[in-house]
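A short write-up of the structure that comes next.
The values are calculated or read from the model by the stated rules, or taken from the named source; none is laboratory data. Being a predicted model, the structure only gives us computed values, none of them experimental. So basically every Cβ, Gly included, is an ideal-geometry build from the backbone, and we count neighbours across all protein chains shown. Quick note on the areas: whole protein, heavy atoms, side chains included, nothing else; ligands and nucleic acids left out. Shrake-Rupley method; radii C 1.70, N 1.55, O 1.52, S 1.80 Å.
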Amino acid sequence: MINNSISDKEIRILVQNICNMSVFKGRRVIDQIRGRSYEETLMVLELMPYRACYPILKLVYSAAANASHNMNLKETNLFISEAKVNKSSFIKKLRPRARGRSYSIKSPTCHITIVLKEKSKFLLDKSKI
């Protein structure tokens, strides 16, 4: 389930119940991209060797597409202002064992929130100098 909310020069996207990804695996990747520009984030996520990078990459692509389509923002001016991973519920499964018994398997899930903001005009002019 994806929720989008739009405010002043900011796009917020939330993905809930990412299967087969624990909070610790997600935070390891999210900590690397927090505060980076959109283009640099894509490059970092494509080159990292972790399996958790793919759902986060899809999420960043989706947030940037929403920002460019809904708010007419340029993707080159976007940066990740906030990124967090929160704990969610467990997916519970049963595994058959000997003598008709069963053991439970608990797979952790997580919620990922990413906020993209547009760099202000002052910062863009200052970076060209």
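Report every pair of residues separated by at least 6 positions or lying on different chains whose Cβ atoms are under 8 Å apart, first residue within the stretch 42-56 and more than 9 Å from V29 (Cβ to Cβ) and of a type in the set (K, R), second modelled with pLDDT under 95 and assigned to a helix (DSSP H, G or I).
R51/K25
Listed here are the residues, each with its yes/no results for (1) modelled with pLDDT under 95; (2) open to solvent by 40 Å² or more (accessible area, probe 1.4 Å); (3) assigned to a strand (DSSP E or B).
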{"site": "I6", "(1), (2), (3)": "yes, yes, yes"}
{"site": "I11", "(1), (2), (3)": "yes, no, yes"}
{"site": "Q16", "(1), (2), (3)": "yes, yes, yes"}
{"site": "N20", "(1), (2), (3)": "yes, yes, no"}
{"site": "I30", "(1), (2), (3)": "no, no, no"}
{"site": "G35", "(1), (2), (3)": "yes, yes, no"}
{"site": "T41", "(1), (2), (3)": "no, no, no"}
{"site": "E46", "(1), (2), (3)": "no, yes, no"}
{"site": "R51", "(1), (2), (3)": "yes, yes, no"}
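Just need a number here: residues in the stretch 63-100 that are in a loop (DSSP other than H, G, I, E, B), open to solvent by 50 Å² or more (accessible area, probe 1.4 Å) and farther than 25 Å from C19 by Cα. Working first, answer last.
Pass one, the stretch 63-100, residues in a loop (DSSP other than H, G, I, E, B): 71-74, 97.
Now restrict to residues that are open to solvent by 50 Å² or more (accessible area, probe 1.4 Å): 72, 74, 97.
Now narrow it down to the ones that are farther than 25 Å from C19 by Cα: 72, 74.
Residues that pass the stated criteria total 2.
Determine which single condition Y103 fails, assuming it passes every other condition in (1) within 30 Å of Y61 (Cβ to Cβ); (2) open to solvent by 50 Å² or more (accessible area, probe 1.4 Å).
(1)
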